Amino acid sequence: MDASFLGIDDVTRTPQVAVVVDVMRAFTVAAWAFARGAEKIVLSGSLDESLALKARHPEWVTLKDGPPAPGFDAVNSPGLLRSVDLGGRTVVQKTTAGTVGALAVKDAPLVLCASFVVAQATADVLRAGGSGSVTFVVTGEDGKADEDLACAQYIAQRAAGSGTDAAEFLRRGDESLAATELREGVREGVHPDDVALCLELDRFPFAMVAAPEGSLMVLRPRTVPPTDLPRRR
């Protein structure tokens, strides 16, 4: 597999396969939303778009970065979301980096949204599809977020069939600027367990695939049946 690792602004051509990585916290939160029963997640381009969707669909659950705000039902925190019942609901998610990165590659034939909690499942989708060239979009800190780069590199190695030890990649995530800011309360809308939850390797057995549905970019979970996977040596 030919893997490249780019920041959002560095993606100048539509990739064949894009893996958009946001560990802290967009795509950890998205995975938790599916685990709590969400049917789909609409990736929103702006807060105004989120509010407009909520106005048209009052039953949808709106989620954003930062502190609680009028019109939004939840914040972008896995620790806060893990106790919310989302059975059968549609979630509208707008974040600073993750959703921006996914929308930047919305025309790619395959878009996966990833974090450590779905790392192996994401690698399995790449292996099952025989992906030759994969662009990993490192969303945080203008492409410099080490927790996102570490996760991307780990998934790339797993997808290539390497029996990679996750410990060093998780250590980088734990020592990243994002983890420090979450622990020290620099960011708002945070639960004390957020960093630990973001570093739970392979907590969930599904990958997350984003694709256009009408005018919206929609994220849904995907599980690769074991029979569809290449045998590992």
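Every number here is computed from the coordinates shown, using simple stated rules; none is lab data. In this text the structure is predicted, and so the values were computed from the model without any measurement. FYI the Cβ positions are ideal-geometry reconstructions off the backbone, even for glycines, and counts take in every protein chain you see.
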In whole angstrom, the spacing between the Cα centers of region 27-52 and region 111-156 equals 19
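Under a point-charge model restricted to the Cβ atoms of Lys and Arg (+1) and Asp and Glu (-1), what is the dipole moment magnitude of region 1-123 relative to its Cα centre, in debye to the nearest 20? Each step should come with its number before you reach the end.
Numbers: 11 positive and 12 negative charges, 57 e Å.
Dipole of region 1-123, to the nearest 20 debye: 280 debye.
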A student asked for the Cα radius of gyration and Dmax of region 1-148 in angstrom ought to give 15.1, 45
Amide H proximity to Gly7 below 5 Å, modelled H, separation 5+ or other chain, gives Val138
Restricting to lysines and to Cα separations under 23 Å from Lys40, and discarding same-chain partners fewer than 8 apart, the set is Lys54, Lys64, Lys94, Lys106
Residue by residue through region 77-90, the couplings from Karplus 6.51 cos²θ - 1.76 cosθ + 1.60 with θ = phi - 60°, in Hz, x for Gly and Pro, are 9, x, x, 7, 7, 5, 9, 8, 7, 10, x, x, 8, 9
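Just the number, please: percent antiparallel of the DSSP beta bridges in the chain, rounded to the nearest 5. Could you put the intermediate results ahead of the total?
Values: 12 of 37 bridges.
Taking every DSSP beta bridge within the chain, about 30 percent pair in antiparallel fashion.
Neighbouring Cβ atoms within 10 Å as the yardstick, rank Thr122, Thr90, Thr96 fewest first.
Numbers: Thr122 32, Thr90 19, Thr96 15.
In increasing order of surrounding Cβ atoms, one gets Thr96, Thr90, Thr122.
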Note, region 138-154: 3J(HN,Hα) by Karplus (6.51, -1.76, 1.60, θ = phi - 60°), whole Hz, Gly/Pro = x, goes 8, 7, x, 6, 6, x, 10, 5, 6, 5, 6, 5, 4, 5, 4, 5, 5
